[in-house]
Amino acid sequence: MTESDSIINQLEQVKIRVAQALDVAKSLGADDAEVSMSRQQGLSVDTRLGEVETVEFTNDGALGITVYKNGCKGSASTADLSEKALSQTIQAAVNIAKYTSVDECSGLADKELLAMNPIDLDLFHPKKLSTEQAIEMAKQCEDSAMSFDKRITNSDGATLATFEGFKVYGNSNGQLVGYPSSRHSLSCVMIASEGDDMQRDYAYTVSREFDGLDDAEFIGQQASKEVLSRLNAQKIQTKKVPVMFRADIANTVFGHFISAISGGNLYRKSSFLLDALGKKVFPEFLTINERPHIAKALASSAFDSEGVITQDRTIVANGDLETYLLTSYSARKLGLTTTGHAGGIHNWLVSASGDADGGDFDAMLTKLGTGFLVTELMGQGVNVVNGDYSRGAAGFWVENGKIAFPVSEVTISGNLKDIFKGLVAVGSDIDKRGSIFTGSLLIDSMQVSGN
Amino acid sequence: MNNVERELLADSQIDEALLSKTLDSMFLHKVDFADLYFQASRHESWMLEDGIVKEGSYNIERGVGVRAISGEKTGFAYSDDISPIALQKAADAAMGIANAGVSGKIKVFNRQTVCKQYQAIDPLASLSQENKINLLHEMETHARAQDKRVKQVIVSLSGVYETILVAASDGTYSTDVRPLVRLNCSVLVEDNGERERGSSGGGARTDYSYFFEVENDQARFLKYAEEAVRIALVNLVAIDAPAGMFPVVLGSGWPGVLLHEAVGHGLEGDFNRKGSSAFSGKIGQQVTSQLCTIVDDGTLVNRRGSVNIDDEGTPGQYNILIENGILKGYMQDKHNASLMGLKSTGNGRRESYAHLPMPRMTNTYMLAGESDPKDIIKSVKKGIYAPNFAGGQVDITSGKFVFTSSEAYLIEDGEITSPIKGATLIGSGPQAMKQVSMVGNDLSLDMGVGVCGKDGQSIPVGVGQPTLKIDEMTIGGTQ
């Protein structure tokens, strides 16, 4: 890669393009405009059964522009940044604004909320990696998985991916900001069989820093352990039992919570948590803090996708809902102020106090006693309008705090309001690979459908 | 040059000779196969909510993807810049997968003429901007007029005009124009503090006039609005779904998502080459009930999942996957077919130039059987009838699959009774399909809304089936 291609240089050039685009939008009659552009380039290598399967050089990016004219809005996007394509795209956005309606809630974020000089969150740790090095690491990962046990009979391969890129955002309120970032990951998908039974499972590691990745051999062994543990799974009886969501899928429970307290669903009255602000939605012991500025974290950001500054927030305090998650638009619809959540949340830290602080994974199993440990969820059976929840599940039957046998082909169901209130304990086995840092979650009772 | 070549290559100083030269240059390495995939698309979308047109957007995308295959290895690079320099750079990166050393020669391009399942039209230009806006408003008005409990209506319209050109070392040189339109209506109904959503819509590979076509005395777009309201009102009075194992009657049409999940993915060539599917190595064996004949059909006129040519230039085909319960064949792209000593079945598809092609479904459906749908319902003492679904997922290795109902009813003593809340159904593909005990004579296809995701790539697909009965499935209700 030559110096002129470097991400930092590209970022500076794109900033100039974005500023030009904002000028062009004004000259074409827009009252206001905002432009965002992200670009990501990198290398992704798959190996399978010790051989290279694919080597992919990625390079993605597009520029999106939104213009506002007389209270009407129009959007357009292009990946072609030539002057001609840019002006055509901006013209397209201006044309669209002729046909959309006046909407007094639309428009740029309020000027005083913008991050004019965003802080650096140390998200950019590119790694110069040759194709050969990447192949070697993926092979090493898969080799350790294949040699782990003779019941590991096949593989869906190991993938090493490294990306670097940037985001630039500008608007006609004089904001022009951007930052580079990197992301590296290694994953491995293994297949085990015994008799007629064949199962797949995976393990992965992801980090902003290449050196932050878990060891390749460890990931391979994890993948094999996971898939071996699933062999010879059984269905269980249809009944109501205590359910524990293992830490790596526990974030899904809060994912449904996020959707229920998001401005878009609230102003559309499409949430089971309407008018829940200030009310108890979780048990007294639960607190969720948002920390957008954790250095190197995967969901860190100094500003949201509208340029609004992000800040530390308490989302849930002692079980009470402290804030909705709002964008400028949904905030105006609800008569509130944006919370900087355009584009999603930024690092949630879930914690429990007192007896509900459930300790490590084994301690959590002891707390579960006899019940269903869920390690995989399937399907999209969640209705955010009324909270109804029904999803496919696999995991383990636990008896007296010990894993008894693997379970598959069952569903778990209930209503999210009850599931939130039925939370009994949160583990200290925190998974930090996503935007929600949570340990395993123990729910007092859910309906399992099986035999 | 035809129109597509002009659109994709004009202004770029790229012509057929340069494509040939680029592929030639890749064969300086030990490459078995290479292809160049050019794509350009224009996409518009409009959204109405609260009685006003809130959003409109226009997106342009163009680029080229270059693939080199050597044995089981694939090298892939792409660029959003269609220029000779960018093309050669991508070709150099892709061919890096193979060692230096000449392996053979590329074949002379063969411009084939294929049977057209859909026409080369630009949907974006098929309706004036004013009339697009009017369509949104009329749908909203019609939805609100259905019932005073309708509190909110969201209508969205989108259209895509896409052109592709694929040139490959095996002599393939093909172009295609792919129109695609989609219209959707989503409503929120409220009664005594209870709220529910319902949505309905459709689409096809044609232009916007599709939505104004009259079917059963009514324009399609009005029917969508009525359906959305009907489903929302049904769900408003739904009781809790049962938990446990019950007989399930699936309605015709969209519930064919069952076949897509329980059978379709497991029959894609890549999984079977790797031996990672629950259906691997079972050609010639009975894998479903004898009542089931399941096909993947890229040749249906104007259907959302149809392909004039797939993304490797192979013409769309009618492929029998399962005939009277016996597994007949897998769906293949060129790469997996050649590794298995087979031919592509026209199922090599990709989301865009920036994604690698894989074996993917087109329109997957079960042929009609002999039972009267009424008799199928009558045969059930206690079970559920599910005519509408929200979507599904499958683990192709274990065969476990789920799909979630969006409209369902109890069947009690052979009669459809109370509506029940949305619930997830789970089963094992090979087992569930052996439990198909009745197949209706009422085959229908979905309304043109299917999106299939695999390895992070989304593509439009179709599904369909007659009404059918599965003797026992696990229903994820709460009672």
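Structure notes:
- Those strands (runs of 3 or more DSSP E) of the range B:359-476 in which at least 1 residues are under 23 Å from A:VAL448 (Cβ atoms), considering only elements entirely within it, cover B:382-394, B:400-412, B:415-420, B:424-428, B:468-476.
- Per-region count, the range B:335-358, residues surrounded by 24 or more Cβ atoms within 10 Å (Cβ to Cβ) and not in a loop (DSSP other than H, G, I, E, B): 4
- Unmet criterion (only one of (1) facing chain A (nearest Cβ under 8 Å); (2) closer than 15 Å to B:GLU472 by Cα; (3) more than 22 Å from the chain's Cα centre (by Cα); (4) of a type in the set (Lys, Arg)) for B:LYS434: (1)
- Of all residues in the range A:80-93, exactly one satisfies the criterion of being crowded, with 21+ Cβ neighbours inside 10 Å and either free of Cβ contacts under 8 Å to residues at least 24 places away in the same chain or farther than 18 Å from B:GLU61 by Cβ (or both), namely A:ALA92.
- If you go through the range B:35-53 and keep only what is crowded, with 20+ Cβ neighbours inside 10 Å and at the interface with chain A (Cβ under 7 Å from one of its Cβ atoms), you end up with just B:VAL53.
- Residue in the range B:297-319 that is farther than 21 Å from B:GLU261 by Cα, out of contact with any strand residue (DSSP E or B) (no Cβ under 7 Å at 6 or more places or on another chain) and surrounded by fewer than 24 Cβ atoms within 10 Å (Cβ to Cβ) present: yes
- Single match in A:LEU273, A:LEU286, A:LEU321 (criterion: surrounded by 20 or more Cβ atoms within 10 Å (Cβ to Cβ), touching a helix residue (DSSP H, G or I) at 6+ places or on another chain (Cβ under 7 Å) and not polar (S, T, N, Q)): A:LEU273
- Those strands (runs of 3 or more DSSP E) lying entirely in the range A:174-252 with at least 3 residues within 21 Å of A:GLY157 (Cα to Cα) and within 12 Å of chain B (Cβ to nearest Cβ): A:176-194, A:197-207
- Flag if A:ASN171 is crowded, with 20+ Cβ neighbours inside 10 Å and within 17 Å of the chain's Cα centre (by Cα): no
- Test: residue in the range B:396-419 that is within 14 Å of another protein chain (Cβ to nearest Cβ), on the phi > 0 side of the Ramachandran plot and small (Gly, Ala, Ser): yes
- Here A:SER413 clears all of (1) of a type outside the set (Lys, Arg); (2) within 14 Å of chain B (Cβ to nearest Cβ); (3) buried (at least 20 other Cβ atoms within 10 Å of the Cβ); (4) under 22 Å from the mean Cα position of the chain (by Cα) except the condition numbered (4).
- Subset of the range B:71-109 (residues that are surrounded by fewer than 20 Cβ atoms within 10 Å (Cβ to Cβ), not charged (D, E, K, R) and not in a helix (DSSP H, G or I)): B:GLY71, B:SER83, B:GLY96, B:ASN99, B:ALA100, B:GLY101, B:VAL102, B:SER103, B:GLY104, B:VAL108, B:PHE109
- Matching residues in the range A:411-429 - criterion: being farther than 14 Å from A:VAL241 by Cβ, outside any strand (DSSP E or B), touching an Asp or Glu at 6+ places or on another chain (Cβ under 7 Å) and not hydroxyl-bearing (Ser, Thr, Tyr): A:GLY427, A:ASP429
- Test: B:ALA68 is part of a helix (DSSP H, G or I) and crowded, with 20+ Cβ neighbours inside 10 Å: no
- Yes/no for B:VAL234 being in contact with a Phe, Trp or Tyr (Cβ under 9 Å, 6 or more places away or on another chain), surrounded by 24 or more Cβ atoms within 10 Å (Cβ to Cβ) and of a type in the set (Val, Ile, Thr): no
- Considering the conditions (1) within 30 Å of A:VAL102 (Cβ to Cβ); (2) among the basic types (Lys, Arg); (3) over 25 Å from the mean Cα position of the chain (by Cα), B:LYS73 is excluded by exactly one of them, (1).
- Complete set of residues in the range A:97-115 that are in contact (Cβ under 8 Å) with a residue 40 or more places away in the chain and facing chain B (nearest Cβ under 8 Å): A:ALA97, A:SER106
- Here the range A:114-128 is the region considered, the condition is being buried (at least 19 other Cβ atoms within 10 Å of the Cβ) and not small (Gly, Ala, Ser), and the residue that is farthest from A:TYR68 (Cα to Cα) is A:PRO126.
- Sole residue being part of a helix (DSSP H, G or I) and acidic (Asp, Glu), chosen from B:GLU190, B:GLU196, B:GLU227: B:GLU227
- Where A:ALA79 falls short, out of the listed (1) within 27 Å of the chain's Cα centre (by Cα); (2) within 14 Å of chain B (Cβ to nearest Cβ); (3) within 26 Å of A:ILE309 (Cα to Cα): (3)
- Residue identified as acidic (Asp, Glu), over 25 Å from A:ALA93 (Cβ atoms), at pLDDT 95 or above and assigned to a helix (DSSP H, G or I) among B:GLU138, B:GLU130: B:GLU138
- Taking residues in the range A:376-390 that are touching a residue at least 24 places away in the same chain (Cβ under 8 Å), and partners anywhere that are basic (Lys, Arg) and part of a loop (DSSP other than H, G, I, E, B), the pairs with Cβ atoms closer than 6 Å and at least 6 places apart or on different chains are A:ASP388/B:LYS421.
- The range B:139-151 - residue that is touching a residue at least 24 places away in the same chain (Cβ under 8 Å) and surrounded by fewer than 22 Cβ atoms within 10 Å (Cβ to Cβ) and, of those, farthest from B:GLY203 (Cα to Cα): B:ARG149
- Pair list, Cβ under 6 Å, 6 or more apart: the range B:108-128 residue under 26 Å from B:ASP297 (Cβ atoms), other residue of a type in the set (A, V, I, L, M, F, W, C) and at pLDDT 95 or above: B:VAL114/B:ILE309; B:GLN117/B:VAL301; B:ALA120/B:VAL177; B:PRO123/B:VAL181
- One residue stands out among those in the range B:450-472 that are over 22 Å from B:ALA354 (Cα atoms) and surrounded by fewer than 24 Cβ atoms within 10 Å (Cβ to Cβ): the one that is nearest to the other protein chains (Cβ to nearest Cβ), which is B:GLU472.
The values are calculated or read from the model by the stated rules, or taken from the named source; none is laboratory data. It should be emphasised that the depicted structure is a prediction, and the values quoted were computed from it without experimental measurement. In this analysis, Cβ positions are derived from the backbone assuming ideal geometry, glycine residues included, and neighbour counts consider all displayed protein chains.
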